[in-house]
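The values are calculated or read from the model by the stated rules, or taken from the named source; none is laboratory data. Please read all numbers here as calculations on a predicted model, not as lab measurements. Note: ideal-geometry Cβ built from the backbone for every residue, glycine included; neighbour counts use all protein chains shown.
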Amino acid sequence: MRDLELMEAALRAREAAYAPYSRFRVGAALLSSDGTLYTGCNVENASYSLTNCAERVAFGKAVSEGMRSFSAIAIVGGCDDASDFSLCAPCGACRQVMAEFCNADFRILLGDPSHISVYTLAELLPFSFSLEKDQGGTSL
Ligand code: THU
């Protein structure tokens, strides 16, 4: 799947965001190594700390269906009424979840379909704590 298609899937996933408290809506599209797509959106709660980020919803869907190998994720985030989006970088918790299942070269696409910035997991989470893979950080 091309980067643009992945980003468009993230933008569509954002439409389902449940964000009545922050009014910041996020969509994520996670591409597995076999080409299957898993999407997620943020799901907030009146008890704020129970909020689920879009990225972790996508990972949860994938892993719960038996998928554990991924190549890329696209993330689109912005205020309720936004029509263009600045970069919505994944929070630290989401980066740590990525480190659980993804290698250092896992691609993280930020922006929107009109402008895509590409990073690797190693760039966004250097020296991570994880199972031994190729991350170059501390491992169990
Ligand atoms: N959010 C995400 O969905 N992903 C991130 O990586 C950062 C933040 C959501 C959580 C919350 O619903 C809203 O954005 C504002 O923090």
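In the range 54-69, the count of residues that are touching a helix residue (DSSP H, G or I) at 6+ places or on another chain (Cβ under 9 Å) and farther than 24 Å from S128 by Cα is zero.
Residue-by-condition table, conditions (1) over 9 Å from the mean Cα position of the chain (by Cα); (2) under 22 Å from F85 (Cα atoms):
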| site | (1), (2) |
| --- | --- |
| A29 | no, yes |
| D34 | yes, no |
| G40 | no, yes |
| N45 | yes, no |
| T51 | yes, yes |
| A62 | yes, no |
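Within the range 1-57, if we keep just the residues that are assigned to a helix (DSSP H, G or I), hydrophobic (A, V, I, L, M, F, W, C) and within 12 Å of the ligand (Cβ to nearest atom), the residue that is farthest from D105 (Cα to Cα) turns out to be L50. Which pairs turn up if I take residues in the range 109-133 that are closer than 19 Å to G77 by Cβ and look for partners that are among the basic types (K, R) and surrounded by 13 or more Cβ atoms within 10 Å (Cβ to Cβ) with beta carbon separation below 9 Å, at least 6 apart in sequence or on another chain? Close Cβ pairs satisfying both conditions: V118/R107; Y119/R107; L121/R95; L121/R107; L124/R95; L125/R95. A residue that is closer than 23 Å to L131 by Cα, at pLDDT 95 or above and surrounded by fewer than 23 Cβ atoms within 10 Å (Cβ to Cβ) occurs nowhere in the range 13-28. Tell me, yes or no, whether the range 102-109 has at least one residue that is small (G, A, S) and either within 25 Å of R2 (Cβ to Cβ) or in contact with an Asp or Glu (Cβ under 6 Å, 6 or more places away or on another chain) (or both). Yes, the range 102-109 has at least one match. Here R14, R23 are screened, and the one residue that is farther than 30 Å from S139 by Cβ and touching a residue at least 60 places away in the same chain (Cβ under 8 Å) is R14.
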